[in-house]
1. Take residue 55 and tell me if it is among the aliphatic types (A, V, I, L, M), out of contact with any helix residue (DSSP H, G or I) (no Cβ under 6 Å at 6 or more places or on another chain) and at pLDDT 90 or above.
2. Which count do you get for residues in the stretch 72-107 that are part of a helix (DSSP H, G or I), modelled with pLDDT of 75 or more and of a type outside the set (Asp, Glu)?
3. What are the residues in the stretch 1-18 that are part of a loop (DSSP other than H, G, I, E, B) and open to solvent by less than 20 Å² (accessible area, probe 1.4 Å), if any?
4. On the basis of being under 21 Å from the mean Cα position of the chain (by Cα) and at pLDDT 90 or above, does residue 33 make the cut?
5. If we keep just the residues of the stretch 19-38 that are out of contact with any Lys or Arg (no Cβ under 8 Å at 6 or more places or on another chain) and among the small types (Gly, Ala, Ser), which is surrounded by the fewest Cβ atoms within 10 Å (Cβ to Cβ)?
Amino acid sequence: MVTEACRKNQITVNSQVAKASREVFPSDTITFRKDQITYSIQVLDIPANRVGAKLVDIYRKDETPAEAFAHLELLKLSKEHYRKTGAGRPTKKDRRDLEDFGLESTD
């Protein structure tokens with residue numbers, strides 16, 4: 001996924017567009033956009049070997065501002081106004097099921 005994002009020029013390292021083969025060093029800042037949020041990550045250190053996902057936070061610092069996540073709350077609130085499942089007008093599938101139920105009982 002990261003290689004594809006690099007091909008599309010969606011990842012920057014120190015404000016320069018990065019290729020997939022670009023090496024990163026401590027104190028580099030990596031910026032990328034995911035799910036309508038622009039993340040900013042600072043590299044603290046490079047591990048000697050590969051590490052598991054739980055240990056990645058030791059080597060990086062998330063510098064994404066809190067304001068970047070503010071619009072997520074608005075999206076969550078806007079989805080709450082939709083009707084709950086089973087309330088209101090039946091869906092097309094519900095109507096078909098009702099019609100099928102009515103046809104079975106008249107036989």
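The values are calculated or read from the model by the stated rules, or taken from the named source; none is laboratory data. The structure displayed is predicted, hence computed values, not measured ones. Cβ coordinates were reconstructed from backbone atoms using ideal geometry, including for glycine residues, and neighbour counts include every protein chain displayed. For the accessible areas, the whole protein counts, side chains as well, though only heavy atoms, and no ligand, DNA or RNA atoms are used. Shrake-Rupley method; radii C 1.70, N 1.55, O 1.52, S 1.80 Å.
1. yes
2. 6
3. 18, the sole residue that qualifies.
4. Answer is no for this residue.
5. That would be 21.
For every residue, the table says whether it meets (1) in contact (Cβ under 8 Å) with a residue 24 or more places away in the chain; (2) within 17 Å of the chain's Cα centre (by Cα); (3) exposed (fewer than 10 other Cβ atoms within 10 Å of the Cβ).
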position	(1), (2), (3)
40	yes, yes, no
44	no, no, no
48	no, no, yes
61	no, no, no
66	no, yes, yes
